[in-house]
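See below for the structure under consideration.
What follows is calculated from the coordinates using simple rules that are stated; it is not laboratory data. Remember, it's a predicted structure, so these values are computed and weren't measured experimentally. Using ideal geometry, Cβ is built from the backbone for each residue, glycine included, and neighbour counts are taken over all protein chains shown.
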Amino acid sequence: MLFPLNARPSLAYNTGGRRFGANRSSGTRKHAGCDLIAPVGTAVRAVEDGTVKAFYYFYHDTYALEVDHGVFTVRYGEVSRSLPAGIRIGASVTKGQHIASIGRLSGGSHMLHFEMYDNSATGPLTNRRNPPYQRRADLMDPTPHLDAARMDAGEPAPSVLPQFITPWSFARMCFPP
């Protein structure tokens, strides 16, 4: 599997509120994905070959693109409304192809919200009656898959991801442009 961005974010996706399972809504639900912080407009790429299944409004002025990659489905969330040419429901995508761009949440933050499902269930990915994540029953933790993802076909997965916050990235997180 390829990493969904061309560069790994400086803020780790497996800590704090960005991690899978972090509390949301005052602890009444859990975070169903990993948030990969990157600038607005950053290209999002297909992690494997697949087929676009859906594109819809997602959260605070951003959209979500669902791609069935065969063994698993990914919801690429918090992307821009504008998709690259040829990306539409039913389109085939290839591993590494630019399929979306990171959008800007109405609050000013910017990230790719990355969810994975193992395709053992069917139906909508969001299921408000299925606590604690309020997602379809086949939701899986994407963290180990992102950790093992390659940046390109020739690069091995890193053994350690950055676990620090630089003063610059902290300021950008607290005071987005």
Packing rank of 49-58, 62-71, where each peptide gets the mean count of other beta carbons within 10 Å, highest leading:
62-71, 49-58
In units of 2.2 N^0.38 Å, what is the alpha-carbon radius of gyration of segment 1-80?
1.13
If R₀ is 25 angstrom, what is the calculated FRET efficiency for the pair Asn119 and Tyr56, using the beta carbon separation as r and rounding to 0.05?
0.85
Under a point spin-label approximation (7 Å from Cα along Cα-to-Cβ), what is the Ala43-Ala7 distance to one decimal in nm?
1.4 nm
Fewest-first ordering of Met140, Met151 by Cβ atoms within 10 Å yields Met151, Met140
Just to verify a number: FRET efficiency for Arg129 and Ser92, C-beta to C-beta distance, R0 = 30 Å, to 0.05?
0.35
From the Cα gyration tensor of segment 23-146, with a ≥ b ≥ c the square roots of its eigenvalues, which class applies: rounded if a/c is under 1.5, or else prolate if a/b is larger than b/c, or else oblate?
oblate
Taking a spot 7 Å from the Cα of Asn23 along the direction of its beta carbon, which residues of segment 120-141 have an amide N less than 18 Å from it?
131-134
Ranking request for peptides 9-18, 85-94: highest mean number of other beta-carbon atoms within 10 Å first, then the rest in descending order.
9-18, 85-94
Other residues with Cβ under 13 Å from the Cβ of Asp147 give, with Lys and Arg +1 and Asp and Glu -1, a net charge of +2
Would you kindly state how much longer the chain becomes between Asp152 and Asp138 on full extension, computed as 0.36 nm times their sequence separation minus their alpha carbon distance, in nm to one decimal?
2.3 nm
